[in-house]
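Quick note: the coordinates plus some simple rules give every number you see, no bench work behind them. Because the structure is a prediction, the values reported are computed rather than measured. Heads up, the Cβs are rebuilt from the backbone with ideal geometry, glycines too, and the neighbour counts pull from every protein chain shown.
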Amino acid sequence: MHQPPPPGPGPAVDVRGLRKQYPRSPAGTGLVELDLRVDAGTVHGLLGPNGAGKSTTVRILTTLTRADGGTARVAGFDVRTQGREVRRRIGLVGQAAAVDDVLTGRQNLLLIGRLNHLSAAAAARRADELLQRFSLTDAAARKVDGYSGGMRRRLDLAAALVVAPTVLFVDEPTTGLDPQGRREVWAAIRELVGSGTTVLLTTQYLEEADQLADRITMLSAGRVVGRGTPEELKSAIGGDWLDVTLPDPAELERLQRAAQRFAAGEMVVDEATAQLRIPVADRTRALVALSTLLGEYGIDPLDIAVRRPTLDEVFLQLTSTTGRPAADTDEAARR
Amino acid sequence: MSLIATHHDELTVRGTGSALGDAWLLTRRQFWHWRAQPGAFLVGLFFPVLVTFMFGALFGGAIAGPDTDYAGNYYLFLMPGIFTMAMLFGLESTMTAVNADAAKGVTDRFRSLPISGVAVVLGRCIADMINSVLGLVLLMVTGVLLGWSWSNGLAGAAAAFGLLMLLRFSLLWVGIFVGVTARGPESVAAVQILVWPVSMLSNLFVDPATMPGWLGAIASVNPLSATASATRELFGNPGWNDGSGLSEHALTLAICWPIAISLVFAPLAVRAYRRLGG
């Protein structure tokens, strides 16, 4: 294995008050006072929809773009003033699989190895090692042009790992991949973390963040709207959910009105499945109250389920609840 | 223990990167491209040869009329024009390659590596200049086979070669600038079309004296005309001399124009490159 030079002191990623504005696209993708801290050896998920500022953050942290203000340190070095030291310790897997179509898979890895200043022999050894690890040995001598989407992604990931980075940035790694390709990429990222690499992952998929990330920062329109472990975030908005499915959707409205008494937040009415989803703070009490209510109305439900909220629901709550400052959730979610 | 020692070895290897060494690695990447796509490489190289035949054999008889300096051997006039045109056409390959790398994220990957930004531009620069030298040598051989020759000694020919390379060097920055800032393949295609009128509207193929006055004036001030005239002079080939300052000082202009173009476009190209993606 080829190790990067030792990191500087401090957390793997330390971002304070980062600002970036794109004068030509006022409609988003900028950043407003971003704070972010990623501890070494963890996977951090940066979660948000298109235009939330995820890629902007990654581009600033990988020295590709300059911030307008604030400070950012990666692996202990300042991205603005010590770019080269930062670049010696990071790997980047960008949104597009940044591989050279015209070259073979092996040539791609050789080139990256040499540009990382490995000797020719070391670059060759490393290329073969990575090709094997990403099951690309058979395709090694073929032009990347003919690779499948999953293969390109794997090669892309391999290219970022030629010199095992201290911090790996992965920008929407599975966008456009089929489930098979997605699983392969997830497995590769998990394996990396096992070897001590810190990963900053951006994704639009809550499932992906839930699967991979130790901690999550949720972004919306360049602002942090929530952060914490997946569990903390799920608890941060009213604990559990009660899903009750009725035999007749006509009853939904009446039940929703009555359930207001014990709902801890905004309920979701799904007419199509005749389901009412109620966020609750205390599930036992809520369950008792719901049963009483159903008994009063003489409704025999098809199904009642108690469950943890999905990150989708957390995200919707955090972004749609107006008047709820982001800082509140930050503090609640922070240990 | 041995594992740690190995790490240490690799560490020292990683330290020794120079901008020139990195640039050379990226130049070699271009060689790999040529080897992987011999078709595209050869088409790019031979296209000016095709244009030589087109003008020489197809139009040459009509252009090189009996009262021209080059009656009967249009190639004496044509070849320096073709050489100059080839330098302009080189801009296309620069632009296309730069644009493709930027669009695919390959440039971003290079920029996230511990190499200097200069290395990426320099690598492109060296590769394209090598390509142009090859193309120019091929064209000179073609010219000689068709009856073109130079009569001003080796020093003159070498100076002409240098002037052509200077022009190519200045257009390199234009190519990088347009390649980085172009929105996509469409804008690149627009430039590919534009190089035709730009090369025609000059003295590369036809003496501006035969054009309507206003058109001839535009053709005469075209920087390409300066390089073509100067190289004709240096090769000892019959040329264009209308007695105006533009033709009298073609040599000076052929040096000044590329320097001016470089001074404008090199900083623009570097700036656009740094700003890539915001």
DSSP bridge orientation in chain A - percent antiparallel, rounded to nearest 5: 65
Suppose every K and R has +1 on its Cβ and every D and E has -1 on its Cβ; what is the size of the dipole of chain A about the Cα centre, in Debye to the nearest 20? 1760
Could you pull out every one of the lysines with an alpha carbon less than 17 Å from that of residue A:143, ignoring same-chain neighbours closer than 8 positions? B:104
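Just rank A:56, A:292, fewest to most, by other beta-carbon atoms within 10 angstrom.
A:292, A:56
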Given the C-alpha centroids of region B:88-118 and region A:55-79, what is the distance between them in whole angstrom? 22
Within chain B, helix-based [θ] at 222 nm, where runs of 4 or more DSSP H residues each add -39,500 (n - 2.57), nearest 500: -26000 deg cm²/dmol
Starting from the Cα of residue A:264, step 7 Å along the direction of its Cβ; do the same at residue B:165; then give the gap between the two resulting points in nm. 7.5
Report ³J(HN,Hα) in whole Hz for each residue of region B:263-273, in order, from the Karplus equation J = 6.51 cos²θ - 1.76 cosθ + 1.60 where θ = phi - 60°; Gly and Pro get x. 5, 7, 8, 4, x, 4, 5, 5, 5, 4, 5
Quick one: what does P(r) look like for region B:180-278 with 5 Å bins over all Cα pairs, in whole %? 2, 12, 17, 18, 17, 12, 10, 7, 3, 1, 0
Straight-line reach from residue A:20: which lysines fall under 18 Å, measuring Cα to Cα and dropping same-chain residues less than 8 apart? A:54
Calculated SAXS-style log₁₀ I(q)/I(0) at q = 0.24 Å⁻¹ - region A:238-308, Debye, Cα scatterers: -1.08
Estimated 222 nm signal from helices in chain A, with DSSP H stretches of n ≥ 4 weighted -39500 (n - 2.57), rounded to 500: -10500 deg cm²/dmol
For the protein assembly as shown, restrict the atom set to alpha-carbon positions and state the Rg and Dmax in Å. 32.1, 112
Rg/Rh for region A:1-140: what does it come to with C-alpha atoms and Rh from Kirkwood? 1.02
Return the sequence-ordered ³J(HN,Hα) values of region B:173-184 in whole Hz as given by the Karplus equation 6.51 cos²θ - 1.76 cosθ + 1.60 applied to θ = phi - 60°, using x for Gly and Pro. 5, 4, x, 5, 4, 5, x, 6, 8, 4, 5, x
Tell me, Kirkwood radius of region B:57-147 from alpha-carbon pair distances, in Å? 15.9
From the backbone phi of region A:113-128, what are the Karplus-calculated ³J(HN,Hα) couplings (6.51 cos²θ - 1.76 cosθ + 1.60, θ = phi - 60°) in whole Hz, Gly and Pro given as x? x, 5, 6, 8, 6, 7, 5, 4, 5, 5, 5, 5, 4, 5, 4, 5
Taking the number of other C-beta atoms within 10 Å as the exposure measure, put B:51, A:32 in order starting with the fewest. A:32, B:51
For a footprinting-style exposure proxy, rank B:24, B:173 by other Cβ within 10 Å, fewest first. B:24, B:173
What is the spread of the Cα atoms of chain A along each of their three principal axes, largest first, in whole Å? 79, 45, 37
